[in-house]
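J.: Please see the structure below; I have some questions.
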Amino acid sequence: MARSTSVANFMIDTCMTYILVTGSSRGIGAAAHKMLADRGVTVIGHQTRTGDPERIAADFSNPLAAQSLWEETLDRSGGNISAVVNNAGLFTPTPLDSSDIEWLDGWEDTLRINLTAAAQISRFAVRHWQSRDAGADGVRGRLVHVASRAAYRGDSPAHWHYAAAKGGMVAMHKTIARAYASEGIVSFAITPGFTDTSMAGDYLESRGGAGLLADIPLGRVATPEEIASIIAFCALDAPASMTGAVIDANGASYVR
């Protein structure tokens, strides 16, 4: 009987959990959305364009979009957000021989969507949690940043901007973890390698397809569900002492 009561109490507490997942309409974000919802979490999803009324539309190429998303997330959650998953991203090539303006536009769009918007939302979240009481575990809020192996290994010659943005995300994450751990605000980063999404599939094909798999000792790319399971762990289960951790998931294609 005691075991049943414990499980029931856990489910009640989890159902009161609201988590924002950016870029949740496809790929890793969609898998994370489903996995968290299956755990009983109320997921507030985000997508770039309108189309799904269950997700908030916000185009991060607009500097005002991150704040608009955050404010609507607060409204939907009743001001009770437990975790934020910064997953939204842009992955488009900008070749070195592009025109000067095309190269600069590609750089600025990629950094705004992949890094600046995540920084804005992280700032809003930290300030929100600073005004909240901590839970029984001493945690006030959790940030989960979906970065990339590119943060450490770099990327293709057409993806300087992507590698720079993901490297910046990891540095931002470590700064947040060190700055706010004493306040019960924890931060985790995940650095996937290639993942079986349409975005990665297009890239693999453009770079030779199966030839790239030879560089992955595991012999395959990750599935979105594998990365989602790490996201769910960080957002719900990871102990506070793990704050600041960067979790690799790349099939041993890059080890540190």
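J.: Find out how many positive minus negative residues lie around A147, taking Lys and Arg as positive, Asp and Glu as negative, among other residues whose Cβ is under 15 Å from that of A147.
T.: Net charge around A147: +3.
J.: What length, rounded to one decimal in nm, is gained on full extension from T175 through to A252, with 0.36 nm per residue of separation minus their alpha-carbon distance?
T.: 25.1 nm
J.: First select every other residue whose beta carbon is under 14 angstrom from the beta carbon of R127; then total the charges, Lys and Arg +1, Asp and Glu -1.
T.: Counting the neighbours of R127, the net charge comes to +1.
J.: Still on this structure, please answer the following. Give me the number: length gained by fully extending D52 to D109, i.e. 0.36 nm times residue separation minus the C-alpha to C-alpha distance, one decimal in nm.
T.: Here the answer is 18.1 nm.
J.: In addition: What ³J(HN,Hα) values, in whole Hz, does the Karplus curve 6.51 cos²θ - 1.76 cosθ + 1.60 give for the stretch 141-156 when θ = phi - 60°, with x put for Gly and Pro?
T.: x, 10, 10, 10, 10, 8, 9, 6, 3, 4, 4, 10, 8, x, 9, 6
J.: Once amide H atoms are built 1.01 Å from N in the peptide plane, which residues 5 or more positions from A57, or in another chain, come under 5 Å H to H?
T.: Those lying under 5 Å, H to H, from A57 are Q47.
J.: Residue by residue through the stretch 164-171, which ³J(HN,Hα) values in whole Hz follow from phi under the Karplus form 6.51 cos²θ - 1.76 cosθ + 1.60 (θ = phi - 60°), with glycine and proline marked x?
T.: Residue by residue, the stretch 164-171 yields 5, 5, 6, x, x, 5, 5, 5 Hz.
J.: If you don't mind, there's one more thing I want to ask. So how strong a dipole does the stretch 19-80 carry about its Cα centre when Lys and Arg Cβ are +1 and Asp and Glu Cβ are -1, to the nearest 20 debye?
T.: 220 debye
J.: Right, another one. Just need the relative contact order of the stretch 112-256 here, percent rounded to a whole number, with Cα pairs under 8 Å and 6+ apart.
T.: About 28 percent, as a whole number.
J.: Related question: What angle do you read, to the nearest 10 degrees and between 0 and 90, between the alpha-carbon axis of helix 117-130 and the longest principal axis of the chain?
T.: Compared with the principal axis, the helix lies near 20 degrees.
J.: Additional query: Dipole size in debye (nearest 20) for the chain around its Cα centre, Lys and Arg Cβ +1, Asp and Glu Cβ -1?
T.: In total the dipole reaches around 760 debye.
J.: If you don't mind, there's one more thing I want to ask. Could you give the Stokes-Einstein D for the chain in µm² per second, using the C-alpha Kirkwood radius, 25 °C, 0.890 mPa s?
T.: 131 µm²/s
J.: Can I ask one more? Does a label point 7 Å from the Cα of A240, set along Cα-to-beta-carbon, have any residues of the stretch 166-186 with amide nitrogen under 11 Å, and which are they?
T.: So the set is 181-186.
J.: Helix-only estimate, please: 222 nm mean residue ellipticity of the chain, summing -39500 (n - 2.57) across DSSP H runs of length 4 or more and dividing by its residues, to the nearest 500.
T.: After summing the helix terms and dividing by residue count, I get -13500 deg cm²/dmol.
J.: Let me ask something additional. How would you order 225-234, 133-142, 55-64 from highest to lowest mean count of nearby Cβ atoms within 10 Å?
T.: 225-234, 55-64, 133-142
J.: Right, here's the next one. Restricting to Cα pairs below 8 Å that are 6+ residues apart, what does the relative contact order work out to for the chain? Please round to a whole percent.
T.: Relative contact order for the chain comes out at 19 percent.
J.: Can you list residues whose amide H is under 5 Å from D196's amide H, if they're 5+ apart or on another chain and H is modeled 1.01 Å from N?
T.: The answer is A222, T223.
Every number in this text was worked out from the coordinates using simple rules, so none of it is lab data. This one's a predicted model, so the numbers in the text were calculated from it and none came from an experiment. Don't worry about glycine lacking a Cβ; one is built from the backbone with ideal geometry, like all the others, and counts go over all protein chains shown.
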